[in-house]
Amino acid sequence: MQLLDGKFASEKIKQEIAAQAAEFLQQSGRKPHLIAILVGNDGGSETYVASKMKNCEKVGFRSSLIRYNDEVTEAELLQKIAEINQDPEADGLIVQLPLPKHIDPEKITEAIDYRKDVDGFHPVNLGRMIRNLPCFIPATPYGILLMLQAYQIDTTGKHCVVVGRSNIVGSPMSILMARNANPGNCTVTLTHSKTHNLKELVLQGDIIVAAIGKKNFVTADMVKPGAIIIDVGINRENSATTKSGYKLYGDVDFEQVAPKSSWITPVPGGVGLMTIVGLLKNTLASAKKEIYS
Ligand code: GUN
């Protein structure tokens with residue numbers, strides 16, 4: 001078993017991003033700029049957004065956090081998004097999900113100018129991704145591709161089984177792994193909560209992407225010896241023994257599964273760190289107008 005080390009891979013790529021951000025600053029007189037909108041006080045969202053902002057500063061980007069409480073109206077959010085869409089110094093705009101129930105996430109997603117949609121959630125980016133055209137790829141799937149690249153893992157012809165069909169991870173991941181690209185060129189099976197014979201299907205995976213949001217869901221009896229394991233789960237549980245007051249668990253039972261695998265991502269220290277890199281790369285590409293002019 002070898003570790004797909006998110007710390008190692010992300011730090012290396014962040015150094016490259018920092019060098020390019022410095023070059024951008026020199027040429028344009030400004031820093032790449034990411035704006036995040038955070039609604040409410042969800043513990044997970046707070047942590048993720050704080051980490052996104054911190055990492056922006058680390059690589060020499062400008063970051064702005066706009067906060068609203070749970071009572072903000074959909075109209076107020078749409079108004080703010082429209083304002084940022086017009087701002088030539090806003091390269092990327094993300095609205096952290098989930099949103100309170102009275103706000104329609106689809107409306108919000110579609111209101112963001114697709115040229116600033118560094119989360120890659122807008123239907124224009126999704127459609128372009130399916131057609132293998134230049135686009136913003138959602139940060140977590142993008143981070144997984146970068147991780148596979150960093151460790152020079154050849155995915156061609158392999159059977160990739162994705163567990164979970166979320167808009168943010170499972171669904172785009174299944175599309176990306178099937179594309180005629182590298183990483184990609186896989187035969188893909190997309191499984192989810194209604195799948196019959198899930199265990200049998202996962203057992204066929206040369207690559208298993210676990211993104212179902214359930215602690216230790218993928219167990220050793222579901223894994224073919226030598227499989228490559230990508231664990232996207234970030235399941236928080238309260239803990240009296242950690243400084244933060246919680247502990248993170250993946251969707252994969254790491255202790256049991258790791259000895260059977262050829263490569264495996266740890267949680268924490270795996271995919272989560274790469275997600276940030278995906279977001280930073282999209283923001284830089286937006287600033288440099290590499291995807292849309
Ligand atoms: N919530 C969980 N993951 C994400 C993400 O990648 N982007 C946004 N905006 N919200 C999320």
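The values are calculated or read from the model by the stated rules, or taken from the named source; none is laboratory data. Owing to the predicted nature of the structure, the values given are computational and were not obtained by experimental measurement. Every residue, glycine as well, gets a Cβ built from its backbone with ideal geometry; the counts of neighbours run over all protein chains shown.
Structure values in brief
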quantity: Tally, over the stretch 131-161, of residues that are loosely packed, with under 14 Cβ neighbours inside 10 Å and among the β-branched types (V, I, T); calculated: 1
quantity: Residue among V169, V95, V118, V161 that alone is hydrophobic (A, V, I, L, M, F, W, C) and more than 10 Å from the ligand (Cβ to nearest atom); calculated: V161
quantity: Strands (runs of 3 or more DSSP E) wholly inside the stretch 165-260 containing at least 3 residues that are within 23 Å of L273 (Cβ to Cβ); calculated: 207-210, 228-231, 235-238, 246-249
quantity: Restricting the stretch 46-69 to residues that are small (G, A, S) and not in a loop (DSSP other than H, G, I, E, B), the residue that is nearest to L273 (Cα to Cα); calculated: S51
quantity: Flag for D91 being in contact with a helix residue (DSSP H, G or I) (Cβ under 9 Å, 6 or more places away or on another chain), under 20 Å from T275 (Cα atoms) and of a type in the set (D, E); calculated: yes
quantity: Number of the exception - F8 against (1) among the hydrophobic types (A, V, I, L, M, F, W, C); (2) in a helix (DSSP H, G or I); (3) surrounded by fewer than 19 Cβ atoms within 10 Å (Cβ to Cβ); (4) over 22 Å from the mean Cα position of the chain (by Cα); calculated: (4)
quantity: Selection count, the stretch 172-192, where residues are free of Cβ contacts under 8 Å to residues at least 24 places away in the same chain and either buried (at least 19 other Cβ atoms within 10 Å of the Cβ) or farther than 20 Å from G127 by Cα (or both); calculated: 1
quantity: Some residue of the stretch 42-55 being within 15 Å of the ligand (Cβ to nearest atom), farther than 23 Å from Q149 by Cβ, among the small types (G, A, S) and crowded, with 19+ Cβ neighbours inside 10 Å; calculated: no
quantity: The stretch 267-293 residues that are among the basic types (K, R) and at pLDDT 95 or above, paired with ones that are in a helix (DSSP H, G or I) and away from the ligand (no atom under 15 Å from the Cβ) (beta carbon under 8 Å, 6 or more apart); calculated: K281/I13; K281/I17; K288/Q20; K288/F24
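Quick grid of which residues meet (1) in contact with a helix residue (DSSP H, G or I) (Cβ under 8 Å, 6 or more places away or on another chain); (2) more than 22 Å from E46 (Cβ to Cβ); (3) in contact (Cβ under 8 Å) with a residue 40 or more places away in the chain:
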residue	(1), (2), (3)
K215	no, no, no
A220	yes, yes, yes
K224	yes, yes, no
I230	yes, yes, yes
N238	no, no, no
K243	no, no, no
K247	no, no, no
